[in-house]
Amino acid sequence: MRRLPVIVVAVLAIGALSGVATYDARPQVWQEIAWPFPRDGWPAGRAFRCGVAFCGDDIELYLRPKIGFCNCDSGVADDDEVDRVADLDLMSQQFIALEPGKAVRIADMPGRLRAYDLTMPDGSRHGSVGIAVSRRCNLLVAVAQGKGAVSEIQRAALDFLGSSDIARWMTAAMDGR
């Protein structure tokens with residue numbers, strides 16, 4: 001009689017482990033890639049790519065904190081500040097805002113988001129979204145770009161930045177951890 005419960009437990013354990021393995025084998029929507037930009041006055045950030053299968057087009061997102069670089073009183077105050085700090089110039093010196101920016105809150109940090117048209121160094125056109133949010137006197141910037149519609153780039157970027165793992169990383173990075 002004792003062997004039956006042991007066998008049942010073993011079968012349940014194997015079934016549970018195979019369920020975990022199946023869960024872990026799911027494809028990641030966003031893949032982390034190497035930071036593609038040369039060094040500048042700020043530490044390298046994190047870079048991610050989302051492919052056509054999940055995002056409808058290839059989208060890349062670049063994200064990094066700029067510790068001590070924000071107005072402690074007003075945070076990210078206006079669209080001009082987003083234009084200046086959002087790292088668009090790392091991809092192209094030729095960018096044009098498509099419309100006035102919008103207030104945004106990411107990982108419980110207030111800031112602004114703005115859509116752009118980029119002319120890449122090879123002459124191709126890409127849509128882009130620049131985001132700057134603040135916490136205390138620190139700034140976190142993100143820029144997402146791709147060949148697709150800016151509205152889709154924005155949706156994919158905000159979904160990704162709102163994910164719990166990235167929100168946790170952003171909060172830790174802003175706290176200097």
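Under the condition of being over 25 Å from PRO100 (Cβ atoms), outside any strand (DSSP E or B) and at pLDDT 90 or above, the residues counted in the stretch 56-88 number 1. Considering ARG105, ARG125, ARG136, the condition of being open to solvent by 50 Å² or more (accessible area, probe 1.4 Å) and under 23 Å from ASP159 (Cβ atoms) is satisfied by ARG105 alone. Report the residue count in the stretch 40-60 for those that are open to solvent by 70 Å² or more (accessible area, probe 1.4 Å), closer than 20 Å to ALA86 by Cβ and in contact with an Asp or Glu (Cβ under 8 Å, 6 or more places away or on another chain). The number of residues fulfilling the criteria is 1.
Rundown of residues vs (1) over 30 Å from CYS72 (Cβ atoms); (2) in contact (Cβ under 8 Å) with a residue 60 or more places away in the chain; (3) small (Gly, Ala, Ser), yes/no style:
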site: PRO121; (1), (2), (3): yes, no, no
site: GLY127; (1), (2), (3): yes, no, yes
site: SER134; (1), (2), (3): no, yes, yes
site: LEU139; (1), (2), (3): no, yes, no
site: ALA144; (1), (2), (3): no, yes, yes
site: LYS147; (1), (2), (3): yes, yes, no
site: ILE153; (1), (2), (3): yes, yes, no
site: ALA157; (1), (2), (3): no, yes, yes
site: PHE160; (1), (2), (3): no, yes, no
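Total residues in the stretch 79-88 satisfying the condition of being within 23 Å of ALA149 (Cβ to Cβ) and open to solvent by 30 Å² or more (accessible area, probe 1.4 Å): the figure is 1. Residues in the stretch 89-101 that are under 23 Å from ILE166 (Cα atoms) and surrounded by fewer than 12 Cβ atoms within 10 Å (Cβ to Cβ): none. Just so you know, in the stretch 67-78 the residues that are crowded, with 18+ Cβ neighbours inside 10 Å and over 19 Å from the mean Cα position of the chain (by Cα) include one that is farthest from ARG105 (Cα to Cα), and it is CYS70.
If you go through the stretch 57-108 and pick out every residue that is without any contact (Cβ under 8 Å) to a residue 60 or more places away in the chain and basic (Lys, Arg), you end up with 3.
The values are calculated or read from the model by the stated rules, or taken from the named source; none is laboratory data. Predicted, not measured: the structure shown is a model, and the values here were computed from it. Don't worry about glycine lacking a Cβ; one is built from the backbone with ideal geometry, like all the others, and counts go over all protein chains shown. The accessibility values were calculated without ligands, DNA or RNA, using every heavy atom of the protein model including side chains. Shrake-Rupley method; radii C 1.70, N 1.55, O 1.52, S 1.80 Å.
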